[in-house]
1. With respect to the numbered conditions (1) farther than 27 Å from residue A:200 by Cα; (2) surrounded by fewer than 21 Cβ atoms within 10 Å (Cβ to Cβ); (3) out of contact with any helix residue (DSSP H, G or I) (no Cβ under 7 Å at 6 or more places or on another chain), which one is the sole condition not fulfilled by residue A:280?
2. Filtering the stretch A:123-135 down to residues that are within 13 Å of ligand 1 (Cβ to nearest atom) and surrounded by fewer than 22 Cβ atoms within 10 Å (Cβ to Cβ), which residue is nearest to the other protein chains (Cβ to nearest Cβ)?
3. Cβ contacts < 9 Å: first residue on the phi < 0 side of the Ramachandran plot, restricted to the stretch B:4-25; second residue β-branched (Val, Ile, Thr) and within 10 Å of ligand 2 (Cβ to nearest atom), any location; separation 6+ or different chain. Result?
4. Kindly establish whether residue A:395 is within 12 Å of chain B (Cβ to nearest Cβ) and more than 22 Å from the chain's Cα centre (by Cα).
5. Mind telling me which of the residues A:175, A:116 ends up being surrounded by 19 or more Cβ atoms within 10 Å (Cβ to Cβ) and either touching a residue at least 60 places away in the same chain (Cβ under 8 Å) or at negative phi (or both)?
6. Failed condition for residue A:85, given (1) free of Cβ contacts under 8 Å to residues at least 24 places away in the same chain; (2) surrounded by 15 or more Cβ atoms within 10 Å (Cβ to Cβ), with all others met?
7. Charged (D, E, K, R) and surrounded by 19 or more Cβ atoms within 10 Å (Cβ to Cβ): which single residue out of B:128, B:164 fits that description?
8. Give the residue, chosen from A:168, A:161, A:138, that is over 21 Å from residue A:309 (Cα atoms), more than 16 Å from ligand 1 (Cβ to nearest atom), free of Cβ contacts under 8 Å to residues at least 40 places away in the same chain and surrounded by 15 or more Cβ atoms within 10 Å (Cβ to Cβ).
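The values are calculated or read from the model by the stated rules, or taken from the named source; none is laboratory data. Predicted model only: the values in this text are computed from it and were never measured. Methodologically, a virtual Cβ is constructed for each residue, glycine included, from the backbone with ideal geometry; neighbour enumeration extends over all protein chains shown.
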Amino acid sequence: MDINVAKQGNANKNTLFTIDLNRKCSLFLSLKIGDWMLDVELVRKDFPFLKQGRIYLDSTATSLTPEPVLNKMLEYYREYRANVGRGIYKASQIATEEFEKARNEVSRLINAKPEEMVLLRNTSEGINLVASGIKLKKGDKIVTTTLEHHSDFIVWQRASKRSGAALKVVGADSEGFMNLADFEKAIDDSTKIVAVSQVSNVLGVKPPVKEIAKIAHEHGALVLIDGAQSVPHSKVDVKAIGCDFLAFSGHKMCGPTGAGGLYMRELLLEEVEPLCIGGGTIEDVGLDYYRLKKGAAKFEAGTPAIAEVIGMGAAASYLMKLGMLEIESHEQKLTKRVVKGLEEIPNLTLYGPKEPAKRAGIFSFNVGRLHPHDLAMTLDVTAGVMVRSGHHCALPVIKEVIKAPNGTVRASVYIYNNNQDIDTFLATLEEISRTMA
Amino acid sequence: MINIKSFYDNYLNFPKTDCGYCGCTSCVALLRRHYAGEASLSDCIYFEARGYCKEDFVSPKHFTNTKTEPSVSYVSPCPSDAERVTVEVNLASDLHSKYGYFDMISAEKLFGQSLPEMKIAPSLGLARLESDGEAVMGFAEGRILIRRALNENDAFWQLSRFIRWLWGAVN
Ligand SMILES: Cc1ncc(COP(=O)(O)O)c(C=O)c1O
Ligand code: SF4
């Protein structure tokens, strides 16, 4: 077959993707999907931040925002700037409609029902909501891991302290791999909740969340997935994982800061208590009583971040149009390139899984005895390469798993990074290692 | 893997005799003037004779941070140790907008062998001095960063020492 259909739209109209029919067909024939193409140069045109030749390798901290998302948020401010769910005038209705449309899009991204999607500010808020809402008490047990981000870790430390519930932390080996047998040992019938990241923000390792959820459910425990690093980069399906909660942030998936989501299994909406209550959360109020609404609205007190949520909806559409499988395969290709390059650099220690296929596009490393902050600063000043340095809000990993007291430098890739970004990064790093380490 | 094309790479391909026949004090000076459009590579007596190709001497990255007056950018606690102090200063003024502040090739000639604590990377435009866990980094464009100083006084003492050492390499 010799057809090549390239559907390349106007970037601003949200129609940005390329289908290579020929490739897809042959892949279908060999029953191998997931190796489709993402036109990275076309994607890059959507990101104004990149127009100045910057090399952004810190998408794990927060991602860049494309034009369609920026325009969608401005559209709200310009065309229908009104509160949601309150006014009966036209603008308020449009705003409500767009807000709910965003909820639909975000739900679709992780295969949840819109009713199960609580719209919040970020991952941290989602996790805090769950920790305070599931009525932990003495005699209960919380199970989490050393790989967690502080937003997942200290929340459970505090919950344990406040409620008297026990906290069990499952460890990992030096590459970040965890043993399912350890979960089997840690999780028992007193376990109320198991909280795990789907992708570690330091090591890029991907714990077997599906299997962990299965073990947890066998003991009647709830399962919370920290999806901050997985939802933006791969096809996440809450039904397939079988989790009860999944928290993620819009700002890490091409959306604006200030909007995030918490998936909550439908059956739990009733049982979990909200973190904040107030306007928007009630069905009826009298002088001596109030009755909370049913469903996700019960958790969304006060005027939400309307523009941001609408922007997050546009970001979800943007990613789904590119295709989550395409995104995954693009990042996997970059990952291979980075790992191969880093391995060739003298004096460089790369943390996390050695095998590229077993990691996400997150790379923590150190060069000789050079302080991570110095290294990050040098990359920025000499080559305009932006990377994160320090402990990455995950001190348990830094202290217990990789044992690098000053932390690490962390580079990470996303849809807008191309081979040239990687090559400049690697070449500069090699020069630094040669001259400075 | 790609090649970082920089001033230094170009310098490495140069005669490096510092003979002075071109009318400049050194090869570095001629190269610098060449990029500023103030001298021609043909001024070098070896250039044509050795068959150098002018196109090989591409223009290096331009200094962007020089449209400011010398100033202290910030004094703040270290990001990973709040007991210690980090200070950043900018030394460059408009005067240095053409060539940058430090000439790290000269710095390497001055210190390359004699001072092991001082690491100089002309290809990156960078000098780094480390002692007792404290670090000072100087960038060709004129920025200096002092990390993990004991306090503000210590930071400025380290700064002045660093500048005194590199004084011979100021453009
Ligand atoms: C794994 C993980 N969990 C949670 C968070 C916290 O996300 P946010 O700051 O958006 O609440 C992050 C962000 O760095 C993360 O990487
Ligand atoms: S004439 Fe050539 S070799 Fe001599 S100093 Fe000038 S540039 Fe260097």
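1. So residue A:280 meets the others, but not (3).
2. Out of the qualifying residues, it is A:124.
3. B:7/B:28; B:11/B:28; B:14/B:28; B:15/B:45; B:19/B:45; B:21/B:45; B:22/B:45
4. Judged against the criteria, residue A:395 is not a match.
5. A:116
6. Failed condition: (1).
7. Sole residue among the options that is charged (D, E, K, R) and surrounded by 19 or more Cβ atoms within 10 Å (Cβ to Cβ): B:128.
8. Just one listed residue meets the conditions, A:168.
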